[in-house]
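The values are calculated or read from the model by the stated rules, or taken from the named source; none is laboratory data. On a predicted model such as this, the values are computed, not experimentally measured, just so you know. Cβ atoms come from the backbone with ideal geometry, glycine included; neighbour counts cover every protein chain shown. Accessible surface areas use protein heavy atoms only, side chains included; no ligands, DNA or RNA. Shrake-Rupley method; radii C 1.70, N 1.55, O 1.52, S 1.80 Å.
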Amino acid sequence: MTTLKAVRGTRDLLPPETALWNRIEATARAVFARYNFGEIRTPIFEDTSLFARSVGEETDIVSKEMYTWDDRARAQSEKSQSLTLRPENTAGVVRAYIEHKLGESGQLQKLYYMGPQFRRERPQKGRYRQFFQIGAEVIGPPSSGSESPLRDAEILEMLATFLDESGIAGWTLELNSVGSAADRAAYNEKLRAALEPLAPRMCADCQRRAVTNPLRVLDCKVPEDQPLIATLPAIYDSLGADSKTHFAAVTAALDAAGVPYKLNHRLVRGLDYYTRTTFEFTHGGLGAQNALLGGGRYDGLSESIGGPKAPGIGFAIGEDRLVLTLLAQEAAAAPKIEAYIAPLGDAKDEAALSRINAAALTLARELRRAGLCIELGDGSFRLKKSFDAADKIARRIVILGEDELQSGILTVKDFTSGVQTKVPREELFRFLSAPANQKGAPE
Ligand code: HAM
């Protein structure tokens with residue numbers, strides 16, 4: 001019988017890694033709470049037309065990657081319906097905002113979510129068919145201040161704080177403005193004209209998009225098309241005065257708050273609902289899929305799905321990619337276990353073995369109670385087995401055999417420096433507490 005496996009592009013998350021997932025989610029909840037966000041949980045599937053009308057028919061997500069099925073009527077009174085597993089959560093949040101008339105309070109709605117999303121992409125490192133996002137949206141009627149550039153800067157500052165508190169080192173914030181709906185329309189026309197002579201030399205998707213939605217040509221990943229795409233006009237030159245002023249206010253607030261960023265005029269993002277500010281936080285350690293998170297402003301989204309005017313801005317963090325980055329950082333850092341105590345006994349002499357093990361436990365107890373992280377082996381292990389086990393997890397190994405027990409002088413080997421040192425038992429705590437690779441401990 002063939003054994004069943006998790007479906008391609010999906011995976012099981014197991015301990016100890018799940019502890020890291022929980023830690024990231026706890027950090028996100030704690031940070032978002034300080035900025036006064038509340039949690040929203042929307043369904044995992046929605047009416048297909050929600051995504052077609054918000055994310056956009058011509059995007060890769062809607063045209064190629066959605067898990068869509070026909071939900072057949074089970075009774076005469078029921079209608080059949082096309083349903084889709086959510087490929088992202090912004091559309092669902094804005095649908096809920098409209099459905100529950102959240103704008104009628106007049107207050108800015110600050111909502112965050114965590115959960116699985118589904119896209120039928122080609123799986124690779126950092127790209128899965130079921131993946132997890134932690135996201136947030138700030139949305140409300142214009143009178144609530146939802147259009148203010150301060151909202152954009154505040155969201156970006158919150159993300160910088162979240163990444164710092166999660167322990168992510170070396171992120172880059174890439175920032176752009178795609179302008180208002182009118183600016184985008186003007187840019188689309190410029191692109192359409194520029195693409196007319198180029199499109200016949202481009203891939204089939206670009207040929208179609210050059211006519212239907214030229215902006216999406218900028219999402220093309222086909223290597224042969226890139227030199228042609230590089231010659232296309234930049235969106236910044238199509239921005240109206242209002243959009244430029246809005247963007248300048250966002251960058252001025254970031255400068256004042258000390259949040260570093262890099263302008264990237266090609267960052268148009270692969271979803272159709274964006275207006276004005278768009279951004280991604282990238283990380284060099286991720287390889288091809290280098291976006292840790294992405295987001296932007298979507299001032300016309302509510303109206304496009306039948307709601308009231310409700311400007312908004314939000315983001316979604318790729319939690320899988322955040323975990324990958326933290327795991328890589330942890331692997332590169334020194335092991336946190338300060339020492340592995342290896343009792344060295346004679347497996348055939350039970351009395352001696354039990355004496356050595358008992359002495360090792362006593363030593364481990366003292367060091368642990370003094371605050372060190374210690375792993376304890378077993379006196380029946382051969383020396384090589386103890387070394388192999390210790391080398392994987394600890395910074396040093398402490399050998400405790402009959403000789404050491406008698407003399408009170410222990411042998412300590414530091415795996416990073418390769419140096420072996422004799423240390424009197426009473427000096428051991430001070431020696432192990434010293435940072436790795438440093439002298440200042442007794443020889
Ligand atoms: P997005 O750029 O499509 O934006 O996705 C946001 C993040 O989700 C990406 O930067 C990436 O880290 C992660 N991600 C996307 N696809 C995958 C995948 N197949 N496997 C693993 N991780 C993935 C959105 O989804 C927008 N809803 C963000 C937003 C919220 N804009 C405004 N509000």
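Key figures for this structure:
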| item | result |
| --- | --- |
| Tally of residues being part of a loop (DSSP other than H, G, I, E, B) and either surrounded by 13 or more Cβ atoms within 10 Å (Cβ to Cβ) or touching a Phe, Trp or Tyr at 6+ places or on another chain (Cβ under 8 Å) (or both) across the range 223-240 | 4 |
| Top-ranked residue of the range 58-73 - restricted to ones that are among the hydrophobic types (A, V, I, L, M, F, W, C) and free of Cβ contacts under 8 Å to residues at least 40 places away in the same chain, ranked as farthest from Arg129 (Cα to Cα) | Ala73 |
| Residues located in the range 291-315, provided they are more than 9 Å from the ligand (Cβ to nearest atom) and open to solvent by 10 Å² or more (accessible area, probe 1.4 Å) | Asp299, Gly300, Glu303, Ser304, Ile305, Gly306, Gly307, Pro308, Lys309 |
| Given (1) more than 20 Å from Val93 (Cα to Cα); (2) near the ligand (Cβ under 10 Å from one of its atoms), index of the condition Lys262 fails | (2) |
| Search result, residues across the range 252-267 that are open to solvent by less than 20 Å² (accessible area, probe 1.4 Å) and in a helix (DSSP H, G or I) | Leu254 |
| Flag for Arg95 being within 16 Å of the ligand (Cβ to nearest atom), in contact (Cβ under 8 Å) with a residue 60 or more places away in the chain and assigned to a helix (DSSP H, G or I) | yes |
| Which numbered condition Glu147 misses (of (1) over 16 Å from the mean Cα position of the chain (by Cα); (2) more than 16 Å from the ligand (Cβ to nearest atom); (3) of a type in the set (Asp, Glu)) | (2) |
| Filtered residues of the range 317-337 (kept if open to solvent by 20 Å² or more (accessible area, probe 1.4 Å) and touching a Ser or Thr at 6+ places or on another chain (Cβ under 9 Å)) | Ala334 |
| Of residues in the range 76-88 being open to solvent by less than 50 Å² (accessible area, probe 1.4 Å) and part of a loop (DSSP other than H, G, I, E, B), the one nearest to Gln133 (Cα to Cα) | Glu88 |
| Close pairs from the range 316-330: first more than 14 Å from the ligand (Cβ to nearest atom), partner outside any strand (DSSP E or B) and of a type outside the set (Gly, Ala, Ser), Cβ under 8 Å, at least 6 apart | Leu327/Glu17; Leu327/Leu20; Gln329/Ile168 |
| Lone qualifier among Phe32, Phe51 - being touching a residue at least 60 places away in the same chain (Cβ under 8 Å) and either open to solvent by less than 40 Å² (accessible area, probe 1.4 Å) or more than 26 Å from Leu85 (Cα to Cα) (or both) | Phe32 |
| Within the range 401-426, considering residues that are aliphatic (A, V, I, L, M) and under 44 Å from the mean Cα position of the chain (by Cα), the one surrounded by the most Cβ atoms within 10 Å (Cβ to Cβ) | Val412 |
| Within the range 225-276, tally of residues that are without any contact (Cβ under 8 Å) to a residue 24 or more places away in the chain and closer than 30 Å to Gly306 by Cα | 2 |
| Residue in the range 100-143 that is nearest to the ligand (Cβ to nearest atom), counting only those that are open to solvent by less than 30 Å² (accessible area, probe 1.4 Å) and either hydroxyl-bearing (Ser, Thr, Tyr) or touching an Asp or Glu at 6+ places or on another chain (Cβ under 6 Å) (or both) | Phe131 |
| Boolean, Arg29 is under 20 Å from the mean Cα position of the chain (by Cα) and more than 30 Å from Gln107 (Cα to Cα) | no |
